[in-house]
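Notes follow once the structure below has been shown.
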């Protein structure tokens, strides 16, 4: 079987590495996606274990078209009865980059009609469309004259882990938070501090990763559970086997701070919901009053920007971040997520590594600063 794992721009290569480790075959990174092959077990494992996938699609058809009639006729030839029943509700999600269709919605409508007419001719009944909570989500991708039809095996996006009980201002997506941990190079025996922790997502994702807690550990459902060929026994076996691998490292020091009492309380609720309150500590403190623990460690954080602060405050704030890092965090590695255009330049330090990412629609960089005491020089690393 052929699959497509969707992700955010900038994460394709590390997702490809992750999928190989989980057991995917023929892994190929593309734009905001990774293609791979496998069986039903592979599909279930990746949904349950992948920290960097947003959704996983199962390809069921691929063909070329000349016009919208071609799309309808060739979609009508797909054996839809192998994947769904006429009693199932469904929706079509079109992604179209083609001169054949002026509007992606029209392409989606042609596929929807083909599915409905297939069952009307076969069974005398048409399945209903449900855009809010469908049993089956069909993904339609058209690039030029090439069409790919897939089923969304994930249902709700995989960044909806199931542990978050509250959010603060501009909460960080769980997939992006997991990526920051991986790209930073942090290991469980290093101190980790998020000095502007917000709702605690970076902290939670770090400990889940370090402890081999599956990303789907708290989720109740997936799209593939409503497919006709769902193998409940197989998924239960995969879940049980994966859960047996959970092990919190003997020595792990992960802490979060925030200047906002409300943010601290939200982070504590989320961390408790994930069952990690005995491992992660969170306190209320201004970063400028915070001093390092131990002789070295990691700071990984997402400072406020944009609408959360006005321009004048933002410029001075980032200057103070740079000064505080320079004079107080020698031998630490500081990893900062910030918009590509804006105040991060005011930090006044040269990054040893830079990764282009997206936080929602905002182009950002994860900047890695390796700080050293004495000369305060930064160790050079290849900048990507």
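The values are calculated or read from the model by the stated rules, or taken from the named source; none is laboratory data. None of these values were measured; they are calculated from a predicted model. Note: ideal-geometry Cβ built from the backbone for every residue, glycine included; neighbour counts use all protein chains shown.
(1) surrounded by 24 or more Cβ atoms within 10 Å (Cβ to Cβ); (2) not assigned by TED's automatic domain parsing to the domain that holds residue 264: which one isn't true of residue 202, the others all being true?
The failed condition is (2).
Can you find a residue that is surrounded by fewer than 18 Cβ atoms within 10 Å (Cβ to Cβ) and more than 27 Å from residue 101 (Cβ to Cβ) anywhere in the range 53-73?
No, there is no match, as no residue in the range 53-73 is surrounded by fewer than 18 Cβ atoms within 10 Å (Cβ to Cβ) and more than 27 Å from residue 101 (Cβ to Cβ).
Residue-wise test of (1) at pLDDT below 95; (2) buried (at least 22 other Cβ atoms within 10 Å of the Cβ); (3) in contact with a helix residue (DSSP H, G or I) (Cβ under 6 Å, 6 or more places away or on another chain).
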{"residue": "117", "(1), (2), (3)": "no, no, no"}
{"residue": "120", "(1), (2), (3)": "no, no, no"}
{"residue": "126", "(1), (2), (3)": "yes, no, yes"}
{"residue": "167", "(1), (2), (3)": "yes, no, no"}
{"residue": "181", "(1), (2), (3)": "no, yes, yes"}
{"residue": "198", "(1), (2), (3)": "yes, yes, yes"}
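I'd like to know if the range 81-93 contains one or more residues that are assigned to a helix (DSSP H, G or I) and surrounded by fewer than 18 Cβ atoms within 10 Å (Cβ to Cβ).
Yes, the range 81-93 has at least one match.
Let's see how each residue does on (1) in a helix (DSSP H, G or I); (2) farther than 14 Å from residue 182 by Cα:
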{"residue": "4", "(1), (2)": "no, yes"}
{"residue": "10", "(1), (2)": "no, no"}
{"residue": "15", "(1), (2)": "yes, no"}
{"residue": "20", "(1), (2)": "yes, yes"}
{"residue": "46", "(1), (2)": "yes, yes"}
{"residue": "51", "(1), (2)": "no, no"}
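Could you check how many residues of the range 339-350 are in contact with a helix residue (DSSP H, G or I) (Cβ under 9 Å, 6 or more places away or on another chain) and under 12 Å from residue 370 (Cα atoms)?
Number satisfying all stated conditions: 1.
Looking only at residues that are touching a strand residue (DSSP E or B) at 6+ places or on another chain (Cβ under 7 Å) and assigned to a loop (DSSP other than H, G, I, E, B) in the range 22-33, which one is surrounded by the most Cβ atoms within 10 Å (Cβ to Cβ)? Can you show your working first?
From the range 22-33, those touching a strand residue (DSSP E or B) at 6+ places or on another chain (Cβ under 7 Å) are 24-28, 32-33; that's our starting set.
Remaining after also requiring assigned to a loop (DSSP other than H, G, I, E, B): 24, 32.
Values: 24: 22, 32: 15.
Once the filter is applied, the top-ranked residue is 24.
Looking only at the range 326-361, how many residues end up being in contact with a strand residue (DSSP E or B) (Cβ under 7 Å, 6 or more places away or on another chain), in contact (Cβ under 8 Å) with a residue 40 or more places away in the chain and surrounded by fewer than 16 Cβ atoms within 10 Å (Cβ to Cβ)?
1
What are the residues in the range 266-297 that are without any contact (Cβ under 8 Å) to a residue 12 or more places away in the chain, farther than 13 Å from residue 196 by Cα and more than 24 Å from the chain's Cα centre (by Cα), if any?
Answer for the range 266-297, where residues must be without any contact (Cβ under 8 Å) to a residue 12 or more places away in the chain, farther than 13 Å from residue 196 by Cα and more than 24 Å from the chain's Cα centre (by Cα): just 278.
Of all residues being at pLDDT below 75 and assigned to a helix (DSSP H, G or I) in the range 306-338, which is farthest from residue 372 (Cα to Cα)? Just the residue, please.
Initial filter on the range 306-338 (at pLDDT below 75): 306-312.
After this cut, where a residue has to be assigned to a helix (DSSP H, G or I) as well, the list is 306-308, 311-312.
On the way: 306: 30, 307: 33, 308: 31, 311: 30, 312: 30 Å.
So the residue we want is 307.
Regarding the range 264-274, can at least one residue be identified that is within 30 Å of residue 43 (Cβ to Cβ), part of a loop (DSSP other than H, G, I, E, B) and assigned by TED's automatic domain parsing to the domain that holds residue 210?
Checking the range 264-274: at least one residue is within 30 Å of residue 43 (Cβ to Cβ), part of a loop (DSSP other than H, G, I, E, B) and assigned by TED's automatic domain parsing to the domain that holds residue 210.
Return the residues of the range 1-17 that are in contact (Cβ under 8 Å) with a residue 40 or more places away in the chain and either surrounded by fewer than 18 Cβ atoms within 10 Å (Cβ to Cβ) or within 16 Å of the chain's Cα centre (by Cα) (or both); say none if nothing qualifies.
1, 2, 4, 5, 6, 7, 8, 9, 10, 11, 14
Are there any strands (runs of 3 or more DSSP E) wholly within the range 123-226 with 2 or more residues that are under 20 Å from residue 32 (Cα atoms), in contact (Cβ under 8 Å) with a residue 24 or more places away in the chain and more than 21 Å from the chain's Cα centre (by Cα), and if so which?
The qualifying strands (runs of 3 or more DSSP E) are 136-143, 146-152.
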